[in-house]
Amino acid sequence: MIISASRRTDIPACYPDWMARRVSEGFACVRNPMNPRQVSRVSLSPAVVDCIVFWSKNPAPMLEYLDLFRPWHFYFQYTLNAYGADVERRLPPLERRAETFLRLSDALGPERVVWRYDPILLSGDYPLEFHLEQFSRLADRLRGAAERCSISFLDEYAAIRTGLRQLGARTPGDREKRSLAEGLAAAAGEDFRLVTCAEEIELSQFGIGRGSCIDAQLIERLAGCPLRTEPDKGQRSACGCAASIDIGAYDTCLNGCRYCYANRSDKALARRSGQYSPASPVLCDAIRADETVSERRMRSLQVRQLGWF
């Protein structure tokens with residue numbers, strides 16, 4: 001099975017000690033966000049986990065734990081944008097995060113660090129020209145440190161609309177998306193394979209394909225054998241991800257990004273993150289004595305074939 005850590009929160013930045021404890025003990029517990037009384041126990045044994053996909057905007061706190069994950073196949077989806085603190089409120093300075101990207105790539109190899117430049121929003125402070133200039137600068141800084149760059153455009157979820165209005169931010173129109181795509185592709189050149197993430201718009205004329213964050217092909221490459229994967233039916237229609245099990249929790253990410261769907265409010269974040277304990281099997285939560293934890297059925301997806309790779 002594939003573990004997502006996590007679409008719901010930034011585990012490497014905020015809770016690396018919890019993640020280290022979970023793999024050391026061999027399991028994590030997850031509360032169903034749609035049915036909080038339903039708790040499952042997810043095995044993290046390398047025998048059944050084919051890959052762990054980490055999502056982060058600042059994985060620096062995770063660097064000291066990397067050796068602990070050597071028994072697993074894993075890679076990072078690393079979001080690196082050039083927005084200011086008005087948009088990404090509690091992140092370290094851009095240069096420090098770029099340096100972390102290079103350190104992570106040096107430790108793992110460029111195939112295991114995917115650069116995400118997303119979401120792309122437009123405003124008075126962040127016009128189209130801003131993205132073309134900043135993306136080009138970041139591409140020059142990261143050349144050789146990643147093989148692929150994934151881009152996506154702002155999705156205006158209901159929970160973030162008030163914050164977006166305060167910023168004067170909006171989603172680019174189709175013509176703007178194509179202009180951005182042409183400019184970003186030119187800046188990426190031959191050094192990054194540029195792909196979109198869950199985007200309906202067709203940008204193949206600029207050499208930009210459709211990507212997937214939970215990437216079955218990349219995981220097969222890391223594992224050295226094919227996988228029996230299925231599409232993730234819980235994602236948007238344009239999403240190309242393979243199915244995975246997410247072990248994170250909503251209302252726990254401390255990064256404070258104004259475009260993020262994962263936190264309902266700062267009040268909800270304070271309440272949930274205040275329950276954090278590295279020793280708890282469930283992130284920023286505890287299992288009550290009257291709750292039943294069900295064992296999640298897990299199996300490896302690998303198909304061993306003689307001569308493959």
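The values are calculated or read from the model by the stated rules, or taken from the named source; none is laboratory data. Here the structure is a predicted model, which is why all the values come from computation and not from measurement. These area figures cover heavy atoms from the full protein model, side chains too; ligands, DNA and RNA do not enter into them. Shrake-Rupley method; radii C 1.70, N 1.55, O 1.52, S 1.80 Å.
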Candidate lysines for bridging to residue 267, where Cα separation is under 24 Å - those fewer than 8 sequence places away on the same chain excluded: 57
Kirkwood hydrodynamic radius over Cα pairs of region 154-309, then Stokes diffusion coefficient at 10 °C and 1.306 mPa s, in µm²/s: 81
Carbon/sulfur fraction of accessible area - region 191-297, other protein chains in place, 1.4 Å, %: 47
Region 46-101 - percent of accessible surface contributed by carbon and sulfur, probe 1.4 Å: 54
Reachable aspartates and glutamates from residue 177, criterion Cα separation under 20 angstrom, eight or more residues apart if same chain: 118, 125, 129, 133, 155, 156, 199, 200, 202
In Hz, Karplus ³J(HN,Hα) per residue of region 182-191 (6.51, -1.76, 1.60; θ = phi - 60°; x = Gly, Pro): 4, x, 5, 5, 5, 5, 5, x, 8, 8
Computed accessible area, residue 89, all protein chains, 1.4 angstrom probe, square angstrom: 90
Surface accessible to a 1.4 Å probe, per residue, for the residues of the chain, Å²: 46
For region 141-222, convex hull of alpha carbons as volume per residue, Å³: 137
Whole-percent carbon and sulfur share, accessible surface of region 103-169, 1.4 Å: 43
Three-way shape call for region 32-153 based on the alpha-carbon gyration tensor, with the a/c threshold at 1.5: oblate
Against the rule of thumb 2.2 N^0.38 Å, how large the Cα Rg of region 86-148 comes out: 1.20
Solvent-accessible surface ranking, highest first, for 129, 99 at 1.4 angstrom: 129, 99
Computed over region 174-228, the ratio Rg/Rh where both radii use C-alpha atoms and Rh is Kirkwood: 1.08
Cα extents of the chain along the three principal axes, largest first (Å): 54, 54, 36
Region 157-197, Rg to Rh (Cα coordinates; Rh as Kirkwood inverse mean 1/r): 1.14
